[in-house]
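Taking it in order: structure first as structure tokens, then the write-up.
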Amino acid sequence: MTATLTPPPATTTPPPPRRAPKDKQPFRHRLSRFDVKASPYIYIAPFFILFGLVGLFPLGYTFVVSLNKWNLLTGPAGFIGLDNYVAELNDPFFWNSLFNTVSIFLLSAIPQLVGAVLIAAVLDQNIRAKTFWRMSVLIPYVVTPVAVTLIFSSAFDEKYGLINNLLASFHLDPVMWKTETFPSHVAIATMVNWRWTGYNALILLAAMQAVPRDIYESAALDGAGAVRRFFSMTLPSIRPTMIFVIITATVGGLQIFTEPKLFNPTTATPGGPQRQYQTTVLYLWDLAFNRQNFGKASAVAWLLFLIIVLFGVLNFLVSRRIASTEARVSKRRMTKLLNDHNQQKTDRAAQGSLAVIAAAEEKRS
Amino acid sequence: MKFSRRTKGLAAVASAAAFALLATGCSGGGSSTAAGSSTDPITLTVTTFNTMGYDDLYKQYEAAHPNITIKATNIDTGDNAKTDWQTKQAAGAGLPDVQAVEEGWLSAVMQVSDQFNDLSQYGANDIKDRWVDWKLKQATDSNGRIIGYGSDIGPEGLCYNSAAFAAAGLPTDRDAVATLFGGDNATWDDYFAVGQKYHAATGKAFYDQSGFLWNAMVNQQKEGYYKTDGSLNVDGNADLKALWGKLSTATTSGLSANQTAWDWGKGKAFTDGTFSTFVCPGWMLGVVKGQVTSAGGSAATGWDFANVFPGGAANWGGSFLTVPTQSKHPQEAADLAAFLTSADSEAAAFGVAGTFPSVTAAQTSPAVTGTNDLSTFFNNAPVGQILADRSKGVVAQYKGPDDSVIQSQVFGPSIQEIDSGKADGPTAWNNAITLLNQLVVNK
């Protein structure tokens, strides 16, 4: 439209009131200004509307419920302030569930990360049928956790399970996987590890692939062995991704539910006869749906939420520290490496054709 | 019960005749109830669980009532159905017109019994004589409102393995076994005495685990975990404590196989002689059959069903059909529930799903008393007749709001303690009382 290009009308008229110029702006113009200013918000709105509906509102509602005496079936029976929180913080079963959660989390997160890094490092090498191996490690993740738990639950059965049968054939005592605390935690952690190690390995592999190859080359030329390269270069370079993996593992680990719920589904008390592996989410579920104490269950949900936030903040602080030191260190290290590398290059260039052959060989490998 | 041992051919004729009678009976009953209902097309939703054997009955009802479409949902287990009901009840929306309720969570339903229609406003008074009296009492709330029509019941008899009994030098004939346990006056002392004899002869366990026995012991009492006035009845209850003493003494002396209930090593424990007696409500017979078959066993494994139960008549489980107040068609829903719990329907459901009828007339129906898959599996035991006998004298015990919590979370851990030998009887009882105070008294 040409109208948009015409200059503002006669200057002789007195300065119009504030709103006037806006009104005089053509609709198209205003629309486009609106478009520029408001569109981004509209584009991201669906997420926030959904998040508000299924995330924020339940969070707030749960908090309201937690401040009341509230039976699941008969409904609210009076405002009692923070009494539910006080009662839960004094309840040995709450602390028991928290202990179980953290114990299972540690037993799963640590071996899982170590395993994932090792698998990723192996996959990062030049191996045959790369895609096959990479897809293979992801298969456990594709299997639904219910199926995983059913299979493992059967393998860990105390009287008829595969593992105890194997132990018996070596004349070893059977392990009480389902009725003793530590063995049950190991068994549940095994299921978690089986499912998540491959997934984390792939994420770490992606990070490893992003590490510039020429640094490795120069390090190799400097005489650094594979192990030295792994510890001094690979690990520091993937640290930010490691932190991401640790955070997601923490959040997932603190919310573990399916595995302990289905590990021994026929037990009278969810999470083991004497609550040996009753995690916090399982405890919360039991409170709400078996004991019908919706108020206390909501209080536990909020306590768990706060604990996860606490872990998140800790992770954030630690990771920021590591990332900033890392950035400084790696920058310095990288500059040094590159300088050395360039230096060598010039040296080699002087040496003539021998270097060309070496470089070609380096590229081929 | 020798008269019940018919030849196979005769039984086949009898059951065929029964089904023929049934089909005609149902269509007749259906058209008479249709007279009172409106003719506008409506859809009735029904939620059931496990296998209740209603699929053919729905079709019959739809054929007799052209204006009614039945939309049925069946949930795999009673526990999952409870979660489903609780969630919808708490949300205040989404319940079906006819909701099946299991006895195990009836006490939770009774907490909100005003959320269910009083069926006596929809014709319950005309048909309330059809059920065994204690079933009707269970479905009546504290204000005298009838909120459910009884479908099946779970009178308990004793399953035993005749091969294992023979190996221990005990009688194997089911009448002789009933006498061995004390016949009509069988007590828990008799049961445990036979158990000790069996254990001495074979060195093996007598029962799979203690939980089912304890469940029966409590259900046999006039008042269980709660008194009729609604107050708790566990701490200081001398009767319960004495029974616990008997159970724990027997268990710690090796009569329990400490099996995981509902798992039993995927049925293996039923076939390898780990234990030789088992508490069997009617619906459990199908479970036993399933477990034995899945572990590669068959009728030849030797399981039989005796017309005796220690400590007197006991009931475990059974269901009700209720009409939640959320239903938009309470009259039609109540009519459907009445149809599904008629004598003919319950007899037909027994034929399909093995659910033992709570309607007296159905219990004597040839379809129930005759030969079927289950009776064949249990060495041709007259399963239907035994169960009808076992249902006599059951008491409708008052169940308090936390009854299932006490059963599973207060006594569950203690039962595991005595089964696994972690604690002796008195210690386990004290642990249960501690848990009771923690979970129920000071909740």
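The values are calculated or read from the model by the stated rules, or taken from the named source; none is laboratory data. All values derive from a computational prediction rather than experimental measurement. Heads up, the Cβs are rebuilt from the backbone with ideal geometry, glycines too, and the neighbour counts pull from every protein chain shown.
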### Query
Can you name every residue in segment A:116-140 that is out of contact with any Phe, Trp or Tyr (no Cβ under 8 Å at 6 or more places or on another chain) and of a type outside the set (A, V, I, L, M, F, W, C)?
A:ASP124, A:GLN125, A:ASN126, A:ARG128, A:LYS130, A:THR131, A:ARG134, A:SER136
#### Entry: Which listed residue is assigned by TED's automatic domain parsing to the domain that holds B:GLU223, under 19 Å from B:ASP79 (Cβ atoms), of a type outside the set (Lys, Arg) and part of a helix (DSSP H, G or I), from B:ILE406, B:ILE418
B:ILE406
### Query
Residues of segment B:375-387 being in contact (Cβ under 8 Å) with a residue 60 or more places away in the chain and either within 14 Å of chain A (Cβ to nearest Cβ) or in a helix (DSSP H, G or I) (or both), which ones?
B:THR376, B:PHE377, B:VAL383, B:GLN385, B:ILE386, B:LEU387
#### Entry: Cross-chain or 6+ apart pairs with Cβ under 8 Å, segment B:414-443 first and at positive phi, then part of a helix (DSSP H, G or I)
B:GLY421/B:THR252
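Conditions tested, residue by residue: (1) modelled with pLDDT under 95; (2) within 14 Å of chain A (Cβ to nearest Cβ); (3) touching a strand residue (DSSP E or B) at 6+ places or on another chain (Cβ under 6 Å).
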position: B:MET110; (1), (2), (3): yes, yes, no
position: B:ASP133; (1), (2), (3): yes, no, no
position: B:ASP152; (1), (2), (3): yes, no, yes
position: B:ASN161; (1), (2), (3): no, no, yes
### Task
Considering only residues that are crowded, with 16+ Cβ neighbours inside 10 Å and touching a Gly at 6+ places or on another chain (Cβ under 8 Å), look in segment B:218-239 and name the one that is nearest to B:ASN437 (Cα to Cα).
B:LEU232
### Summary
Just one listed residue, out of B:ALA300, B:ALA250, is without any contact (Cβ under 8 Å) to a residue 60 or more places away in the chain and in contact with a helix residue (DSSP H, G or I) (Cβ under 8 Å, 6 or more places away or on another chain), and it is B:ALA250
### Query
Here are A:ILE163, A:ILE188, A:ILE151, A:ILE215: which of them is of a type outside the set (S, T, N, Q) and over 30 Å from B:ALA261 (Cα atoms)?
A:ILE215
### Message
Condition check: buried (at least 20 other Cβ atoms within 10 Å of the Cβ) and among the aromatic types (Phe, Trp, Tyr). Does B:TRP283 satisfy that?
### Response
yes
#### Entry: For A:ALA129: the one exception among (1) on the phi > 0 side of the Ramachandran plot; (2) touching an Asp or Glu at 6+ places or on another chain (Cβ under 7 Å)
(2)
### Task
Report whether or not A:ALA219 is away from chain B (no Cβ under 14 Å) and in contact with a Lys or Arg (Cβ under 7 Å, 6 or more places away or on another chain).
yes
### Query
Of everything in segment A:162-218 that's basic (Lys, Arg) and under 30 Å from A:ARG239 (Cβ atoms), which residue is nearest to the chain's Cα centre (by Cα)?
A:ARG195
### Query
Identify, please: which residue in segment A:150-176 is in a loop (DSSP other than H, G, I, E, B) and within 11 Å of chain B (Cβ to nearest Cβ) and is, among those, surrounded by the fewest Cβ atoms within 10 Å (Cβ to Cβ)?
A:MET176
### Query
For segment B:39-88, which residues satisfy the criterion of being among the aromatic types (Phe, Trp, Tyr) and over 23 Å from B:LEU285 (Cβ atoms)?
B:TYR58, B:TYR61, B:TRP85
### Message
I'd like to check which helices (runs of 4 or more DSSP H) are fully inside segment B:82-145 and have at least 3 residues that are not assigned by TED's automatic domain parsing to the domain that holds B:LEU340.
### Response
none
### Summary
Note: among A:PHE230, A:PHE316, A:PHE311, A:PHE294, just one is of a type in the set (Phe, Trp, Tyr) and within 14 Å of chain B (Cβ to nearest Cβ), namely A:PHE294
### Query
For segment A:232-279, how many residues are closer than 30 Å to A:THR179 by Cα, assigned to a loop (DSSP other than H, G, I, E, B) and aliphatic (A, V, I, L, M)?
2
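Yes or no, residue by residue, for (1) within 14 Å of chain B (Cβ to nearest Cβ); (2) polar (S, T, N, Q); (3) surrounded by 21 or more Cβ atoms within 10 Å (Cβ to Cβ); (4) out of contact with any Lys or Arg (no Cβ under 8 Å at 6 or more places or on another chain):
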position: A:ILE238; (1), (2), (3), (4): no, no, yes, yes
position: A:ILE243; (1), (2), (3), (4): no, no, no, yes
position: A:ILE246; (1), (2), (3), (4): no, no, no, yes
position: A:GLY253; (1), (2), (3), (4): no, no, yes, yes
position: A:THR258; (1), (2), (3), (4): no, yes, no, yes
position: A:ASN264; (1), (2), (3), (4): yes, yes, yes, no
position: A:THR269; (1), (2), (3), (4): yes, yes, yes, no
position: A:GLN278; (1), (2), (3), (4): yes, yes, yes, yes
position: A:LEU282; (1), (2), (3), (4): yes, no, yes, no
### Message
Of all residues being among the hydroxyl-bearing types (Ser, Thr, Tyr) and more than 25 Å from B:ILE406 (Cβ to Cβ) in segment B:233-292, which is nearest to the other protein chains (Cβ to nearest Cβ)? Just the residue, please.
### Response
B:THR274
### Summary
Those residues of segment A:132-158 that are in contact with a Lys or Arg (Cβ under 9 Å, 6 or more places away or on another chain) and either among the polar types (S, T, N, Q) or at positive phi (or both) come to a total of 3
### Summary
All-but-one check, B:GLY370 against (1) surrounded by fewer than 22 Cβ atoms within 10 Å (Cβ to Cβ); (2) out of contact with any Asp or Glu (no Cβ under 9 Å at 6 or more places or on another chain), failing number (1)
### Query
Of the residues B:LYS266, B:LYS289, which single one is surrounded by fewer than 16 Cβ atoms within 10 Å (Cβ to Cβ) and outside the structural domain of B:GLU103 (by TED's automatic domain parsing)?
B:LYS266
### Task
Return a yes/no flag: does segment A:292-311 have any residue that is at pLDDT 85 or above and outside any helix (DSSP H, G or I).
yes
## Note on the structure
Per the filter on segment B:146-181, residues in a loop (DSSP other than H, G, I, E, B) and free of Cβ contacts under 8 Å to residues at least 60 places away in the same chain are B:GLY169, B:LEU170, B:PRO171, B:ASP173
### Summary
Residue hits (segment B:54-99; within 14 Å of another protein chain (Cβ to nearest Cβ), among the aliphatic types (A, V, I, L, M) and surrounded by 15 or more Cβ atoms within 10 Å (Cβ to Cβ)) are B:ALA81, B:ALA90, B:LEU95
### Task
Test each condition in (1) without any contact (Cβ under 8 Å) to a residue 24 or more places away in the chain; (2) in contact with a Gly (Cβ under 6 Å, 6 or more places away or on another chain); (3) surrounded by fewer than 14 Cβ atoms within 10 Å (Cβ to Cβ); (4) not acidic (Asp, Glu) for A:ALA147 and report the one that comes out false.
(2)
### Residue match in segment B:121-130 (condition: under 29 Å from B:LYS392 (Cβ atoms), among the β-branched types (Val, Ile, Thr), surrounded by fewer than 22 Cβ atoms within 10 Å (Cβ to Cβ) and at pLDDT 90 or above)
yes
